[in-house]
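Asks: Below you'll find the structure I mean.
The values are calculated or read from the model by the stated rules, or taken from the named source; none is laboratory data. In this text, all values refer to a predicted model and were calculated from it rather than measured experimentally. Here the Cβ positions follow ideal geometry from the backbone for every residue, glycine too, while neighbour counts run over all protein chains shown. When the accessible area is computed, the model is the full protein with side chains, heavy atoms only, and any ligands, DNA or RNA have been set aside. Shrake-Rupley method; radii C 1.70, N 1.55, O 1.52, S 1.80 Å.
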Amino acid sequence: MIKLGENSYGKNAVQLSKIIRHPDHHEFRQITVNVSLKGDFETAHTLGDNTKILPTDTQKNTVYALAKEHFTTSIEAFALHLAEHFVHTQQQVATATVEIAETAWSRITPHAYISGGAEKRTTQVIYNAATTTITSGITDLLILKTTDSGFEHFIKDPYTTLKETSDRIFATQCEASWIYKGAIKDYSVLFDNIRATLLATFAGHNSLSVQQTLFAMGEAVLETYPAVKEITLKMPNKHHVLFNLEQFGMSNQNEVFIATDEPYGYIVGTVIRE
């Protein structure tokens with residue numbers, strides 16, 4: 001017997017910008033929204049019956065319409081409002097997942113901004129009648145330090161050419177995501193604090209490996225913020241390879257490097273509470 005398995009549908013890459021006008025300044029927000037719905041959609045697949053299908057174009061329009069009154073604070077609050085809307089207004093929808101990525105902008109004057117680079121604040125809200133799961137995070141957080149990092153005592157087999165070092169550049173384009181437990185009073189304040197903790201731990205940690213620093217960063221977040229259930233970090237290496245200046249009769253005391261993007265090491269870990 002052949003039957004339909006797990007399925008979902010929705011609208012991705014909804015680009016939205018909003019100006020929130022305050023008496024003395026403007027607040028500019030720019031987000032990308034993904035919507036995914038799960039529920040009773042079997043006949044749409046097996047019979048071509050669209051009577052239970054909310055068009056993805058309608059989902060897109062809903063994002064813009066609800067943003068006017070409800071995108072006024074954190075991306076988490078707006079994502080939750082969207083997810084609740086789709087579940088409560090569409091009886092055939094069992095679970096709504098809303099993902100939002102927010103572009104970073106820094107204010108120059110009350111009405112002018114400068115880009116914050118590639119870094120984005122993210123959230124994912126999964127909502128149904130039984131549970132709500134809210135995950136927040138950061139992507140493309142490019143961080144680097146020029147010392148207090150080494151890599152020694154690793155396995156050496158016939159194919160190993162990498163040399164040990166006790167002092168190297170440590171650079172990574174970090175992605176972090178953490179799951180909250182319970183209601184949060186102010187997601188934006190907590191996000192800023194968690195981000196600051198991640199950066200401070202990275203900068204101050206005497207790293208013996210990327211794995212060790214990854215765990216230290218996650219551990220610091222869990223120790224500091226009881227509202228965080230678990231945290232996952234992805235830390236791809238952004239390699240800076242010492243350039244051979246000896247061929248020109250010069251020494252290179254960790255001064256001149258070749259910056260490379262590929263291939264790169266890719267380190268992932270989740271830090272949890274027991």
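Asks: Within the chain, what's the longest stretch lacking trypsin sites (Lys or Arg not before Pro) that sit in DSSP loops with no more than 12 other Cβ atoms inside 10 Å?
Replies: 4-155
Asks: Across the chain, where is the longest run that never hits chymotrypsin sites (Phe, Trp or Tyr not before Pro) in a DSSP loop with at most 10 other C-beta atoms within 10 Å?
Replies: Answer from the scan: 1-153.
Asks: Quantify, in whole percent, the carbon and sulfur part of the accessible surface of the chain (1.4 Å probe; protein heavy atoms only).
Replies: Solvent-exposed carbon and sulfur of the chain make up 53 percent of the total.
Asks: Could you size up the charge dipole of the chain around its Cα centre, putting +1 on the beta carbon of Lys and Arg and -1 on that of Asp and Glu, and report it in debye to the nearest 20?
Replies: 620 debye
Asks: Rounded to a whole number, what is D in µm²/s for segment 9-130 from Stokes-Einstein with the Kirkwood radius over alpha-carbon pairs (10 °C, 1.306 mPa s)?
Replies: Details: Rh = 15.6 Å.
D = 102 µm²/s.
Asks: Once segment 75-183 is represented by equal point scatterers at the alpha-carbon sites, with solvent omitted, what log10 I(q)/I(0) does the Debye formula produce at q = 0.10, 0.13, 0.15, 0.19 Å⁻¹?
Replies: For segment 75-183 at q = 0.10, 0.13, 0.15, 0.19 Å⁻¹, log10 I(q)/I(0) is -0.54, -0.73, -0.82, -0.99.
Asks: Roll a 1.4 Å probe over the protein chains and send me the accessible area per residue for the chain in Å². Intermediate results must be reported in sequence, preceding the final value.
Replies: Working: 15890 Å² over 274 residues.
It amounts to 58 Å² per residue over the chain.
Asks: Still on this structure: Grab the DSSP H runs of the chain that are 4 residues or longer, score each as -39,500 (n - 2.57), total them, divide by all residues and round the 222 nm result to the nearest 500 deg cm²/dmol.
Replies: Taking each H run of at least 4 residues, the total per residue is -8000 deg cm²/dmol.
Asks: Here is a further query. Taking θ = phi - 60°, what integer Hz values does the Karplus form 6.51 cos²θ - 1.76 cosθ + 1.60 yield along segment 184-190, in sequence order, with x for Gly and Pro?
Replies: For segment 184-190, the Karplus curve yields 10, 5, 9, 5, 5, 4, 5 Hz.
Asks: Separate question: Per residue of segment 75-90, what does 6.51 cos²θ - 1.76 cosθ + 1.60 with θ = phi - 60° give for ³J(HN,Hα)? Whole Hz please, x for Gly and Pro, Karplus curve as stated.
Replies: 5, 5, 5, 5, 4, 5, 4, 4, 4, 4, 4, 5, 6, 7, 9, 10
Asks: In the structure displayed, which of Lys68/Lys234; Lys11/Lys234; Lys11/Lys185; Lys18/Lys234; Lys11/Lys38 lie more than 24 Å apart, Cα to Cα?
Replies: Pairs exceeding 24 Å: Lys68/Lys234; Lys11/Lys234; Lys11/Lys185; Lys18/Lys234.
Asks: Name the most mobile residue of Met217, Met250, Met235, meaning the one with the largest mean-square fluctuation, in a Gaussian network model of the chain with Cα contacts below 10 Å.
Replies: With Cα springs under 10 Å in the chain, the top fluctuation among Met217, Met250, Met235 is at Met250.
Asks: Using amide H atoms built in the peptide plane, which far-off residues or other-chain residues are under 5 Å from Phe243 H to H?
Replies: The list, which skips near neighbours in sequence, is Val256, Phe257, Ile258.
Asks: In terms of the ratio Rg/(2.2 N^0.38 Å) built on C-alpha atoms, what value belongs to segment 109-163?
Replies: On the way: Rg = 21.3 Å, N = 55, 2.2 N^0.38 = 10.1 Å.
Dividing the Cα Rg of segment 109-163 by 2.2 N^0.38 Å gives 2.12.
Asks: Could you derive backbone 3J(HN,Hα) for segment 33-40 from the dihedral phi with the Karplus parameters 6.51, -1.76 and 1.60 (θ = phi - 60°), listing whole Hz in sequence and x where the residue is Gly or Pro?
Replies: 10, 10, 10, 9, 10, 10, x, 8
Asks: Restricting to bridges with both residues inside segment 141-272, how much of the DSSP beta-bridge set is antiparallel, in percent to the nearest 5?
Replies: Counting DSSP beta bridges with both partners in segment 141-272, the antiparallel share is about 95 percent.
Asks: Note the direction-averaged projected area, equal to a quarter of the hull surface, for the Cα convex hull of segment 141-272, in nm².
Replies: Averaged projected hull area, Cα only: 9.4 nm².
Asks: Please work out the Kirkwood hydrodynamic radius for the chain, using every pair of different C-alpha atoms, and report it in angstroms with one decimal place. Each step should come with its number before you reach the end.
Replies: Working: mean 1/r = 0.0460 Å⁻¹.
Hydrodynamic radius (Kirkwood, Cα only) of the chain equals 21.7 Å.
Asks: Find the relative contact order for the chain and round it to a whole percent, using C-alpha pairs within less than 8 Å whose residues are 6+ positions apart.
Replies: Answer for the chain is 12 percent.
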